1. Step by step: first the residues of the range 112-155, then only those that are hydrophobic (A, V, I, L, M, F, W, C) and over 21 Å from residue 178 (Cβ atoms), then the one that is modelled with the lowest pLDDT. Which residue is that?
2. Taking the range 21-46, which residues are open to solvent by 30 Å² or more (accessible area, probe 1.4 Å) and in contact with an Asp or Glu (Cβ under 8 Å, 6 or more places away or on another chain)?
3. Can you name every residue in the range 110-138 that is touching a residue at least 60 places away in the same chain (Cβ under 8 Å) and charged (D, E, K, R)?
4. Determine, yes or no, whether residue 158 is modelled with pLDDT under 95 and of a type in the set (S, T, N, Q).
5. Out of everything in the range 1-33 that is among the hydrophobic types (A, V, I, L, M, F, W, C) and at pLDDT below 95, what residue ends up being farthest from the chain's Cα centre (by Cα)?
6. If I filter the range 47-68 for residues that are at pLDDT 95 or above and open to solvent by less than 20 Å² (accessible area, probe 1.4 Å), do I get at least one hit?
7. Picking from 129, 121, 171, which residue would you name as being in contact with a strand residue (DSSP E or B) (Cβ under 9 Å, 6 or more places away or on another chain) and among the small types (Gly, Ala, Ser)?
Amino acid sequence: MSLFSDAETRPGEGLEFAQSDLDLVLALQLAIAWAGEAGETERLGWWQSELISEWGGEDLFQRLMPETWRWATFQAARAGAIRVDRALRMKAHDPDAVLSLFSLGVEVDERLNERLSQLKSAAAGPLESLPLLKDCVQDPWDRCRFETWLEQFPALASPARSATPLGRRISAPTRDGLDGLVCRLAGALRPLPDAYPLPYVEHPR
């Protein structure tokens, strides 16, 4: 199903998404949130947090939330990534028209939060619930391995992708579905820079 129904409709408004699509987005968000952390883990350092780490947030969350601490660490890292993503989008002339990996429209974002709550309340942990995430998250951190993991997502060349003052703009087909869009956004993370590159598309208004 197309994420962009027409030029007058807000992204995701009134649409139903397959659970598998929501899980795909969550797996990508959590994987990128994990990879983007800084601290002693020496990952990409795109956001200043070290929550998904034995000596970072995991110890605290295990004491505070013994049943759901694994989900809580990923959820907190995701929140940090969302803040960085939002700060960059706010530099746009019309931030609400910018769709990114961590901002896919109000209704889509709400559905993702609902799905995350459902998964968190189940017995399985994040790596068991989201196989794509399990394929990515490995200890110790390996930058080359993460780049190889990203290779499964399409890396667009010019003119479908261009560098702008805001980030890496991609031209997604207007009839693209949620799954196709987020895969293109994930692919646009490559090559990995020192700072979060904000892959994005502009939704017609």
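1. Ranking the qualifying residues of the range 112-155, first place goes to 123.
2. 21, 24, 39, 40, 41, 43
3. Across the range 110-138, the qualifying residues are 111, 115.
4. yes
5. 7
6. no
7. Answer to the check: 171.
Let's see how each residue does on (1) open to solvent by 40 Å² or more (accessible area, probe 1.4 Å); (2) closer than 21 Å to residue 198 by Cβ:
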| site | (1), (2) |
| --- | --- |
| 131 | yes, no |
| 143 | yes, yes |
| 151 | yes, yes |
| 169 | yes, yes |
| 177 | no, no |
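The values are calculated or read from the model by the stated rules, or taken from the named source; none is laboratory data. In this text the structure is predicted, and so the values were computed from the model without any measurement. Reconstructed Cβ throughout: ideal geometry from the backbone, glycine too, with neighbour counts over all protein chains shown. Side chains are part of the model used for accessible areas, which takes the heavy atoms of the whole protein and leaves out ligands, DNA and RNA. Shrake-Rupley method; radii C 1.70, N 1.55, O 1.52, S 1.80 Å.
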